[in-house]
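The values are calculated or read from the model by the stated rules, or taken from the named source; none is laboratory data. Small disclaimer: the values here were computed from a predicted structure and weren't measured. Cβ: placed from backbone, ideal geometry, glycine included. Neighbour counts: every protein chain shown. Note: accessible area is taken over every heavy atom of the protein model, side chains too, but ligands, DNA and RNA are not part of it. Shrake-Rupley method; radii C 1.70, N 1.55, O 1.52, S 1.80 Å.
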Amino acid sequence: MTIPVLLLCSGGLDSTTVAYWLAAQHIEVVPIFFDYGQHCVEKEWDTLRRVLPTCGVLAPERINISGIFRGSPSRLIVEPDLWTEHVDDEDLYVPYRTMLLLTAGAACAQTRGLETVYAGFINSNHAKEIDCSTAFLNGLDSLAAGVGAVRFALPFREWSKAQVVREAMRLKVPVGVTYSCQLLSDTPCGACPNCVERLNAIDAVAGAG
């Protein structure tokens with residue numbers, strides 16, 4: 001019997017696909033959802049509970065760390081009014097978010113007696129934060145080795161979004177139900193970096209199929 005693994009999940013396409021990928025290998029998944037103050041938190045949480053596979057995946061646990069980013073001007077924290085406001089990619093920056101989520105995930109894992117933290121981070125073309133870069137993600141193992149027993153696993157970190165979409169379709173992930181818009185807290189805007197990358201990937205896979 002395999003040791004359960006912890007999965008950082010948000011209801012988005014990438015982490016949801018990792019959940020299905022692990023379940024297909026009969027690896028028990030402990031899903032953790034972080035409320036870091038994102039304006040779409042309730043949409044993400046509702047989506048997550050609907051899209052996770054029911055076999056081999058425990059009920060997700062929600063953990064509130066929103067106080068860390070209280071007062072942040074990031075448009076991931078403060079929802080913009082797209083009728084009156086222009087938002088640049090740089091306006092979506094949340095300081096050390098990826099590093100924070102991974103570190104908090106490692107702390108949760110070790111507390112629960114788990115050895116591995118999985119996440120759906122990929123080699124995104126629009127990621128501007130240093131802690132979203134391929135170089136940073138590839139260095140996680142050496143970083144963790146000097147700290148504790150928990151290891152990080154990012155199975156799709158070298159993949160494109162189109163590759164994730166293709167894998168999601170193979171695993172029968174409910175792609176259309178997943179949610180990862182950065183600007184609106186209810187309906188995907190179709191214009192933010194996440195939405196554009198997602199739509200382009202789906203179009204590319206559909207066109208190739």
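Once the Cα atoms of the stretch 13-75 are picked out, what are the Rg and Dmax in Å?
Both quantities, over Cα of the stretch 13-75: 13.4, 42 Å.
Can you give the alpha-carbon Rg of the stretch 43-92 over 2.2 N^0.38 Å, where N counts its residues?
1.59
I need the shape label for the stretch 1-47. Rule: rounded when a/c is under 1.5, else prolate if a/b > b/c, else oblate, with a, b, c from the alpha carbon gyration tensor.
prolate
So for the chain, considering every pair of alpha-carbon atoms, how many percent are separated by more than 31 Å?
Working: 3041 of 21736 pairs.
Cα-Cα pairs of the chain separated by over 31 Å account for 14 percent.
Which far-off residues, 5 or more places away or on another chain, put their amide H under 5 Å from the one on residue 151, with H placed in the peptide plane?
Placed amide hydrogens put 116, 117 under 5 Å from residue 151.
Taking a probe of 1.4 angstrom, what is the accessible area of residue 169 in Å², to the nearest 10?
Roll a 1.4 Å probe over it and residue 169 shows about 100 Å².
Suppose we flag GluC sites (Glu not before Pro) only when DSSP calls them loop and at most 12 other Cβ atoms lie within 10 Å. Which is the longest uninterrupted stretch of the chain?
Result, exposed sites excluded: 1-84.
Quote the relative contact order of the chain in percent (integer), defining contacts as alpha-carbon pairs under 8 Å separated by 6+ residues.
Relative contact order for the chain comes out at 25 percent.
Using the Karplus equation 6.51 cos²θ - 1.76 cosθ + 1.60 (θ = phi - 60°), what ³J(HN,Hα) coupling, rounded to whole Hz, does each residue of the stretch 158-170 give in order, writing x for Gly and Pro?
With the stated coefficients, the stretch 158-170 comes to 9, 8, 8, 5, 4, 5, 5, 4, 5, 5, 4, 5, 4 Hz.
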